[in-house]
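To start, the structure under review is shown below, and the notes come after it.
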Amino acid sequence: MAKKLFIKTHGCQMNVYDSARMADVLAPLGYAKTETPDDADMVIINTCHIREKAAEKVFSELGHWRIRKQTAQARGGDVTIAVAGCVAQAEGEELVNRAPFVDLVIGSQAYHRLPELLARAERARVKGSGGPHAAGQGILATEFPAESKFDHLPDEISTAPGPVGYLAIQEGCDKFCTFCVVPYTRGAEYSRPAEAIIREAERLMATGVQEIALLGQNVNAWHGEGPDGSAWSLGRLLRVLNDRFAQSHPRLRWRYTTSHPREMDDDLIAAHGEVAGLMPFLHLPIQAGSDAVLKAMNRGHRAEDYLRIVEKLRAARPDLALSGDFITGFPGETDADFEQTLQLVREARYAAAYSFKYSARPGTPGSLLPKQVPDAVSTERLHALQALLQQQSEAFNRACEGRVLDVLFERPGRQPGQLIGRSQYMQAVYVSDPGLRIGDFLPVTIAGGYANSLAGEIARREAA
Ligand code: SAH
Ligand code: SF4
Ligand code: F3S
């Protein structure tokens, strides 16, 4: 009988991708994915370490799984508990010590080793049962291997992802922003070769995906090897991918995320005006608008550099929807610095954005800086920033009223007969229509534009 695998995914899209790949690795061992945690034989908690709150979730969730395991064991069964992702990578030692009932702590670069590690966990359990190590520790696998995990992940996709597929083309970060854990949890920048990416795109399309999001912590730092042996740029890759599939999948949509301003070269900017399938949306975080804060963050660019990139992007693609990430209350940030963030937002004009209060992360240089900003100040700034960003996204969405947008429907809404899709600008679009199915890609007349979503109706029944 198939064993049931439940995966809980936190954090970014890279974790969503990794979770799918872990399921692919375990499928040949007889594990089938389940959406109901209660009948799982194995659970993987794929964790995020980016902010304190995200990391804390793991320990409270583990409490629940400990009880599930005990109950299963009392009945003569078991539940294998694995912790994966960035908390596993960053706090693996602590996890195996604090939570000895966890069978396996698996870092972000070791997913291809799951079968071997599971077999070891199994052996340890048999050996330990009843003996002095009955309550022994789980297995820890957090070293960074010399070879990329991508070379060892299986080709087979075990579960069709639905209308939107994720494809990791790059992993890791060499930027070392002083607030960020990612360079430590994901390791150095690595770019997959173009041919491996093209093959994975083909496999995704065979499952029926209609949109592919190319992923990387610094996706625009991708400089993978092309078939000719030279290093390609992301702009070139996007052109090749688009051309390659233009005949067989003329309506396929491409996106890429997340980009760093320092890697936004002219060729990639030009691609936004030239590559038909590339969506007019870009997530380009800046974090803050003050050059002093950007410097302290080690971002490697000034506010002005960012604004110039945005200007060039809009010259290449006038309707480009811009998105960003912001942090308020980075150590040393003054009221005047924060005012410059507001000013930058006014100039750049965002269609959407994520903003966070600075969270001091252990091991990062930022956590050691003097002049940590009091929580109340960071919170107040966050609220002021969010009010401005909300105004902008509402204005962007309201300007879409009356327009016909192309919507790919991805998931059910809360109301019966309602589905939620994404426009080319990445807006969530709600449509209620009895004939609508997930995977439909249809023109939608926008009736209402709100702060976080749009509502509309199907414009016509035929394809857009
Ligand atoms: N690689 C991407 C995203 C990294 S994490 C990039 O370079 O933009 C996603 C976002 O989380 C970041 O853009 C940043 O805004 C936020 N973030 C990262 N570390 C943080 C911290 N210590 N406190 C608050 N927000 C943080
Ligand atoms: Fe983190 Fe900066 Fe790297 Fe992005 S570029 S992952 S924010 S260190
Ligand atoms: Fe979180 Fe790791 Fe992604 S820290 S944001 S899961 S890279």
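For the chain, what relative contact order do you get, as a whole percent, if you take Cα pairs closer than 8 Å and at least 6 residues apart? Let's see the in-between values first.
On the way: 928 pairs, mean separation 44.4, N = 464.
Answer for the chain is 10 percent.
Could you please report the charge total around T328, scoring K, R as +1 and D, E as -1 over all other residues with beta-carbon less than 13 angstrom from its beta-carbon?
Taking every other residue near T328 into account, the sum is -4.
Between the alpha-carbon centers of the range 347-383 and the range 1-31, tell me the distance in whole angstrom.
33
Over what distance in Å are the Cα centres of the range 401-442 and the range 239-274 separated?
Going from one Cα centre to the other spans 24 Å.
Per residue, how much accessible area does the chain show when a 1.4 Å probe rolls over the protein heavy atoms, in square angstrom? Working shown, then result.
Values: 20540 Å² over 464 residues.
The answer is 44 Å² per residue.
Given R₀ = 45 Å, FRET efficiency for R460-E380 by Cβ-Cβ distance, to 0.05?
Values: r = 48 Å, r/R0 = 1.07.
For R0 = 45 Å, the calculated efficiency reads 0.40.
Calculate how steeply helix 234-246 sits against the longest principal axis of the alpha-carbon atoms of the chain, using the helix alpha-carbon long axis, and give the answer as 0 to 90 degrees to the nearest 10.
Result, in degrees: 90.
Relative to the first principal axis of the alpha-carbon coordinates of the chain, what is the inclination of helix 13-26, with its axis defined by its Cα atoms, in degrees from 0 to 90 and to the nearest 10?
40
Under a plain spin-label model, where a point goes 7 Å from the Cα along Cα-to-Cβ, how far apart in nm are D433 and A387?
Each label point is offset 7 Å from its Cα along the Cβ direction, giving 3.9 nm.
Run the accessible area of the range 1-123 with a 1.4 Å probe and give the carbon-and-sulfur part as a rounded percent.
Answer for the range 1-123 is 52 percent, counting heavy atoms of protein chains only.
For the range 284-360, rounded, prolate or oblate, judged on the Cα gyration tensor with a ≥ b ≥ c (square roots of eigenvalues), a/c < 1.5 rounded, else prolate if a/b > b/c? Don't skip to the end; give the middle numbers.
Details: a/c = 2.13, a/b = 1.74, b/c = 1.22.
Verdict is prolate for the range 284-360.
Using packing as a proxy for protection, rank 72-80, 290-298 so that the peptide with the highest average count of other Cβ atoms within 10 Å comes first. Intermediate values should be presented prior to the final figure.
Values: 72-80: 13.0, 290-298: 19.6.
So the peptides 72-80, 290-298, ranked by packing, come out 290-298, 72-80.
Share of the range 355-464's accessible area from carbon and sulfur, percent, 1.4 Å?
After summing per-atom areas, the C and S share lands at 53 percent.
How far apart, in nm, are two points set 7 Å out from the Cα along the Cα-to-Cβ line at Q415 and at D243?
With each label placed 7 Å out from Cα toward Cβ, I get 4.7 nm.
So what's the net charge close to T207: Lys and Arg +1, Asp and Glu -1, counting the other residues with Cβ under 15 Å from its Cβ?
Numbers: positive: R21, K33, R199, R203; negative: D24, D155, E156, E200, E202, E211, E410.
Around T207, the surrounding residues sum to -3.
For the chain, find the longest principal axis of its Cα atoms and tell me its angle to the long axis of helix 85-98, 0 to 90°, nearest 10.
Tilt relative to the chain: about 30 degrees.
Using a cut-off of under 19 Å, list every residue of the range 338-353 whose amide N is near the label point 7 Å from the Cα of A292 along the Cα-to-beta-carbon line.
338-345
Give me the number: length gained by fully extending A451 to D38, i.e. 0.36 nm times residue separation minus the C-alpha to C-alpha distance, one decimal in nm. Write out the running numbers ahead of the final one.
Values: separation 413, 0.36 × 413 = 148.68 nm, distance 3.66 nm.
Length difference between fully extended and current span is 145.0 nm.
Going by a 4.7 Å Cβ-Cβ cut-off, which cysteines of the chain have no partner at all?
Lacking a cysteine Cβ partner under 4.7 Å: C12, C48, C86, C173, C400.
With r as the distance between the Cβ atoms of T334 and K312 and R0 = 30 Å, compute the FRET efficiency 1/(1 + (r/R0)^6) and round to 0.05. Mind showing how you got there, number by number?
Numbers: r = 30 Å, r/R0 = 1.01.
Efficiency at R0 = 30 Å is approximately 0.50.
Say R0 is 51 Å: what FRET efficiency, to the nearest 0.05, do K3 and A360 get from their beta-carbon distance? Working shown, then result.
Working: r = 41 Å, r/R0 = 0.80.
According to the calculation, E is roughly 0.80.
Quick check on the range 404-463: take the gyration tensor over C-alpha atoms, sort the square-rooted eigenvalues as a ≥ b ≥ c, and tell me if it's rounded (a/c under 1.5), prolate or oblate. Please report the intermediate quantities before stating the final value.
On the way: a/c = 1.41, a/b = 1.10, b/c = 1.29.
Since a/c stays below 1.5, the shape of the range 404-463 is classed as rounded.
From a point 7 Å beyond the Cα of R125 in the direction of its Cβ, which residues of the range 37-67 have a backbone N at a distance under 15 Å?
Within reach of a label on R125: 39-45, 65-67.
Toward the positive end of the charge dipole of the range 341-464, about the Cα centre and with charges on Cβ (Lys, Arg +1; Asp, Glu -1), which of I458, A399, Y425 goes farthest?
Positive-end residue among those listed: Y425.
Mind checking the log10 I(q)/I(0) for the chain at q = 0.07 Å⁻¹? Debye, one equal scatterer per Cα, no solvent, two decimals.
-0.39
Please give, to one decimal in nm, the separation of the simple spin-label points placed at H64 and E147, each 7 Å out from Cα toward the Cβ.
Distance between label points: 3.8 nm.
In the neighborhood of L408, defined by Cβ-to-Cβ distances under 12 Å, what is the net charge if each Lys or Arg adds +1 and each Asp or Glu adds -1?
Values: positive: R251, R253, R255, R411, R422, R437; negative: E211, D406, E410, D440.
With Lys, Arg at +1 and Asp, Glu at -1, the net is +2.
How big is D, in µm² s⁻¹, for the range 212-282 by Stokes-Einstein at 4 °C and 1.567 mPa s if Rh is the Kirkwood radius over C-alpha pairs?
On the way: Rh = 12.4 Å.
Using the Kirkwood radius from Cα pairs, D works out to 105 µm²/s.
The values are calculated or read from the model by the stated rules, or taken from the named source; none is laboratory data. All of these numbers come straight from a predicted model, not from anything done at the bench. Please note: Cβ atoms are built from the backbone with ideal geometry, for glycine as well, and neighbour counts cover all protein chains shown. We work out accessible area using only protein heavy atoms, side chains counted, and drop any ligands, DNA or RNA first. Shrake-Rupley method; radii C 1.70, N 1.55, O 1.52, S 1.80 Å.
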